[in-house]
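The values are calculated or read from the model by the stated rules, or taken from the named source; none is laboratory data. Every value quoted in this text rests on a predicted model; they were computed, and no experiment measured them. Glycine gets a Cβ as well: all are built from the backbone with ideal geometry, and neighbour counts include every protein chain shown. Only protein heavy atoms, including side chains, enter the accessible area calculation; ligands, DNA and RNA are left aside. Shrake-Rupley method; radii C 1.70, N 1.55, O 1.52, S 1.80 Å.
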Amino acid sequence: MGKLILENTSEIFRPSARAARTPASVTRDILKVIDTPGMISFAGGLPDDTLFPIQDLRNIFETSVSKKGAKLFQYADTQGYSDLRAWIADRYYPGSNADEILLTSGSQQALDLLSRYFIEEGSPILLERPSYLGAIQVFSSYAPSFIGISYGEEGPDMEELKYALKNSSERPKFFYCIPDFQNPSAYSYSLETRNSISELLLKNGIPILEDTAYRELYFEKELPTSLCELGPEHTVSIGTFSKTLAPGLRVGWIKAPKKIVQDLIVQKQSMDLHSPTLNQELVYGFVSSSKYEEHLSLIRKTYRQKSEHTHACLQKNFGDSIPLQISKGGLFYWLEFPEEIDTDLLFRKCLEKGLAAVPGSSFFVGKPERNHLRWNFSNASEEQTKLGVERLYKVYLEMVSNC
Ligand code: PMP
């Protein structure tokens with residue numbers, strides 16, 4: 001029989017509305033162009049891979065495989081490796097236990113599981129403006145209505161939040177927030193804001209979905225108490241080893257009241273049965289050894305130096321033409337340009353000059369602000385940073401002279 005030639009495959013494959021409304025991630029798109037010769041990228045939130053403790057992970061792999069053998073390659077419990085869950089509970093959530101932790105394939109999967117669990121099509125959810133674009137992406141596929149709350153130096157705007165709570169036609173399903181060195185703004189919540197938010201949301205019966213991805217990456221002092229610690233009964237916290245150890249391991253977690261964890265386990269079963277056993281073993285082997293603290297000190301020191309160098313390069317080029325504050329932690333600078341500079345355009349011009357960073361508009365729900373650029377400082381070398389900032393300044397000057 002001859003092979004049938006189809007004129008138009010879209011008549012056969014008809015993606016669901018959910019697939020159609022999931023926006024492509026800009027950073028993933030940018031990641032595709034960063035291999036262009038001569039391109040320097042500050043776009044992805046990539047940790048410095050020269051810091052990955054490869055030799056230690058190799059040793060743990062060998063010892064664990066000799067000790068545990070086939071067990072590491074067999075199907076395993078959906079909730080994840082109990083020793084690692086107990087370790088996470090003990091370190092990050094005082095007073096909690098392993099039953100309240102579910103291990104996930106990165107915290108991105110945690111966001112998807114929680115969206116599945118909480119979001120109803122058309123129902124409101126609260127989140128910061130700006131917010132993590134990977135969260136906006138996953139939430140979008142579940143079609144909530146977004147209520148954005150401005151995020152400033154001290155945390156979200158409390159008046160805006162109160163107004164939103166008072167005027168929402170339906171009780172929002174949750175408030176998604178990144179209180180520690182936020183991606184993209186690098187802002188954190190003060191203790192006062194943490195207390196007020198936790199109290200206010202409890203009073204209004206709204207769960208908090210706290211994302212702690214950057215909490216360990218402080219350069220000076222630790223951040224105030226987490227929202228989860230302040231209000232464990234109405235907070236779900238997610239975390240990850242992507243920024244502190246290695247993102248390719250894809251090990252993250254959800255901490256939630258036990259009943260919610262039980263429900264989420266069912267959701268995760270239907271999604272992927274469980275996350276890779278071997279990766280959880282490697283993570284546990286490393287974090288439970290004395291090497292983890294040493295490693296955290298090393299990455300904090302290295303990222304602090306990188307952030308200082310970036311700040312010095314920015315200051316040298318831009319002077320006081322844009323506001324610049326030295327970073328206190330996390331992986332990003334959130335560069336603010338004068339209102340008339342459209343960073344979508346700046347971004348395209350930068351790509352032509354061999355420079356990639358992420359335009360700020362991607363991080364907003366609702367009407368975007370268009371004068372920010374997210375600049376990652378953890379991955380590039382000092383020389384690349386110097387060159388990259390010079391390229392950025394050149395493009396900026398060109399745009400200013402055309403305004
Ligand atoms: N939350 C935030 C705030 C992030 O920035 C990221 C990744 N950049 C994630 C979650 C997801 O990370 P992962 O899936 O690697 O844990």
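Only residues in segment 162-184 that are touching a residue at least 12 places away in the same chain (Cβ under 8 Å) and under 14 Å from ILE125 (Cα atoms) count as the first member; pair them with residues that are away from the ligand (no atom under 16 Å from the Cβ) and of a type in the set (Ser, Thr, Tyr), Cβ under 7 angstrom, at least 6 apart or cross-chain, and list the lot. Every condition considered, the pairs that remain are GLU170/SER123; LYS173/SER123. Residue check: ALA143 meets all listed conditions (1) hydrophobic (A, V, I, L, M, F, W, C); (2) in a helix (DSSP H, G or I); (3) open to solvent by 20 Å² or more (accessible area, probe 1.4 Å) but one, namely (2). ASP112 fulfils the conditions (1) modelled with pLDDT of 95 or more; (2) away from the ligand (no atom under 15 Å from the Cβ); (3) open to solvent by 20 Å² or more (accessible area, probe 1.4 Å) except for a single criterion, (2).
Matching residues to (1) assigned to a helix (DSSP H, G or I); (2) in contact with a Pro (Cβ under 9 Å, 6 or more places away or on another chain); (3) modelled with pLDDT of 95 or more; (4) over 27 Å from SER150 (Cα atoms):
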residue	(1), (2), (3), (4)
LYS316	yes, no, yes, yes
ILE322	no, yes, yes, no
LEU373	no, yes, yes, no
GLN384	yes, no, yes, yes
TYR393	yes, no, yes, yes
MET399	yes, no, no, yes
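Among the residues of segment 58-79, is there at least one that is in a loop (DSSP other than H, G, I, E, B), open to solvent by 40 Å² or more (accessible area, probe 1.4 Å), away from the ligand (no atom under 16 Å from the Cβ) and at pLDDT below 95? Please lay out each step first, then the result.
Residues of segment 58-79 that are in a loop (DSSP other than H, G, I, E, B), as a first pass: 74-79.
Still in the list and also open to solvent by 40 Å² or more (accessible area, probe 1.4 Å): 74-77.
From the residues that got through so far, the ones that are away from the ligand (no atom under 16 Å from the Cβ) too are 74-77.
From what is left, the residues that are at pLDDT below 95 are none.
Within segment 58-79, none of the residues are in a loop (DSSP other than H, G, I, E, B), open to solvent by 40 Å² or more (accessible area, probe 1.4 Å), away from the ligand (no atom under 16 Å from the Cβ) and at pLDDT below 95.
Residues in segment 351-371 that are part of a helix (DSSP H, G or I) and crowded, with 24+ Cβ neighbours inside 10 Å: GLY360, PHE363.
Where strands (runs of 3 or more DSSP E) fall entirely within segment 169-254, those with at least 3 residues that are near the ligand (Cβ under 10 Å from one of its atoms) are at 235-240.
Report yes if some residue within segment 124-133 is more than 15 Å from the ligand (Cβ to nearest atom), in contact with a helix residue (DSSP H, G or I) (Cβ under 7 Å, 6 or more places away or on another chain) and closer than 30 Å to LYS166 by Cα; otherwise report no. Spell out the reasoning first.
Going through segment 124-133, the residues more than 15 Å from the ligand (Cβ to nearest atom) turn out to be 124-126.
Still in the list and also in contact with a helix residue (DSSP H, G or I) (Cβ under 7 Å, 6 or more places away or on another chain): 125-126.
Among the residues that remain, those that are also closer than 30 Å to LYS166 by Cα are: 125-126.
Yes: segment 124-133 contains one or more residues that are more than 15 Å from the ligand (Cβ to nearest atom), in contact with a helix residue (DSSP H, G or I) (Cβ under 7 Å, 6 or more places away or on another chain) and closer than 30 Å to LYS166 by Cα.
Tallying residues that are open to solvent by 30 Å² or more (accessible area, probe 1.4 Å) and part of a helix (DSSP H, G or I) within segment 146-168 yields 7. Of the residues making up segment 115-140, those that are in a helix (DSSP H, G or I) and open to solvent by less than 10 Å² (accessible area, probe 1.4 Å) are SER115, GLY134, ALA135, PHE139.
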